[in-house]
1. Can you work out which of the residues in segment 28-75 that are farther than 23 Å from Ser163 by Cβ and of a type in the set (A, V, I, L, M) is modelled with the lowest pLDDT?
2. Can Gly159 be described as surrounded by 10 or more Cβ atoms within 10 Å (Cβ to Cβ) and either modelled with pLDDT of 95 or more or at positive phi (or both)?
3. Checking Pro167 against (1) part of a loop (DSSP other than H, G, I, E, B); (2) modelled with pLDDT of 90 or more, only one condition comes out false. Which one?
4. When both residues are 6+ apart or on different chains and their Cβ atoms are under 9 Å apart, which pairs have a first residue that lies in segment 62-76 and is closer than 20 Å to Gln128 by Cα and free of Cβ contacts under 8 Å to residues at least 60 places away in the same chain, and a second that is in a strand (DSSP E or B) and among the basic types (Lys, Arg)?
5. Can you name the residue in segment 190-218 that is part of a loop (DSSP other than H, G, I, E, B), surrounded by 15 or more Cβ atoms within 10 Å (Cβ to Cβ) and not hydrophobic (A, V, I, L, M, F, W, C) and, of all such residues, is modelled with the lowest pLDDT?
6. Quick check: anything in segment 117-124 surrounded by fewer than 20 Cβ atoms within 10 Å (Cβ to Cβ) and either at positive phi or modelled with pLDDT under 95 (or both)?
7. What is the residue count in segment 65-106 for residues that are within 23 Å of Ser221 (Cα to Cα) and either of a type in the set (S, T, N, Q) or not in a strand (DSSP E or B) (or both)?
8. Can you name the residue in segment 13-52 that is aliphatic (A, V, I, L, M) and buried (at least 18 other Cβ atoms within 10 Å of the Cβ) and is also farthest from Val92 (Cα to Cα) among such residues?
Amino acid sequence: MNTSLHTEICSTDLSTYTSLTIHGLGSSDDNPAEITLLRSQSFPAPRSFEDHVTLPRDEKWAPLSLPKDGAHLELELTDSISEGRIGLAYSVRVINDSAHLDLPDLCIKLVKPKFGRTLAREAWFYEQLAREQGYEGVVTPRCFGFFTVPLKDCMDVEGRPVSHINPWENLTIHPPEPHPECTEQVEDTQWWLPDDPPSYQEYYDDSDGWKSSSPWNQWRSSPSDPLICVLVLEKLGKFYFCENILPGEKQADHEEVELDDIRDLVRDVTSQELCMATFDFAMSCEPLGMSSVPGMNVHTGGA
């Protein structure tokens, strides 16, 4: 591994960039467009507990303040990586970086229109992990910011309104499914976060007000006024893959090494009391150019 490159990458924090332009993301009916997004604040979670106790105020729980006069990053969409429940991942090429950093390969996560709050929450997880040494760039991919812009503010190269966000054109949509015996209209709660259901409020503490005071707490998607939300992340390498082992068969040596890496990763992340609903091979990747250090997409119900 190039240690000097790794050192430079790790010295780049979440506050480097305050604006982002993406080529190939959208267009008007007549022309391509360069979509420019601004840095946005993340969405903190409330703290959970088993027995109701008064929790001390924790300033580190707050979202990062929005940086001022930061750098501008200009990217171009290249290849589609995957589509998940809340978003789509794309490889990107760096066109211009006003910070002149030696960046790693990057990708973006573009959220589906109704899941903006979820991506804002995911950004908050990256912020929390970046506060601790030895996590970002080692057990989680480096994050270079969370950016948003209303579609109505986007114009093409001739100043005409952008009417198409290309990755949104053929989304996989899963409408809420009613119970077979239910005749009432089903409320769409797919966009809910784990701490949103009213019946769960007794298990969460938001006395600090980090969640309730966030603009994201009351934000709801609008079909007539969609919000474009993007996370910029370090692009990871190949997926770990392990064939099914039949009874009596021996685990291949390389597979055992990969399993040990994943066990170490889980221990590291859970040492920060991060709760994961699921964790499997699909969430573990090998960073490009780093042969044995696993990376991870923190599970928040995303792609």
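1. Looking at the filtered set, the residue picked out is Val53.
2. no
3. With (1) part of a loop (DSSP other than H, G, I, E, B); (2) modelled with pLDDT of 90 or more applied to Pro167, the lone miss is (1).
4. Every condition considered, the pairs that remain are Leu66/Arg39; Pro67/Arg39.
5. Applying the filter and picking the extreme gives Gln190.
6. no
7. Counting residues in segment 65-106 that are within 23 Å of Ser221 (Cα to Cα) and either of a type in the set (S, T, N, Q) or not in a strand (DSSP E or B) (or both) gives 5.
8. Ala45
The values are calculated or read from the model by the stated rules, or taken from the named source; none is laboratory data. Because the structure is predicted, anything quoted here is derived from the model rather than measured. Neighbour counts run over all protein chains shown; Cβ positions are idealised from the backbone, glycine included.
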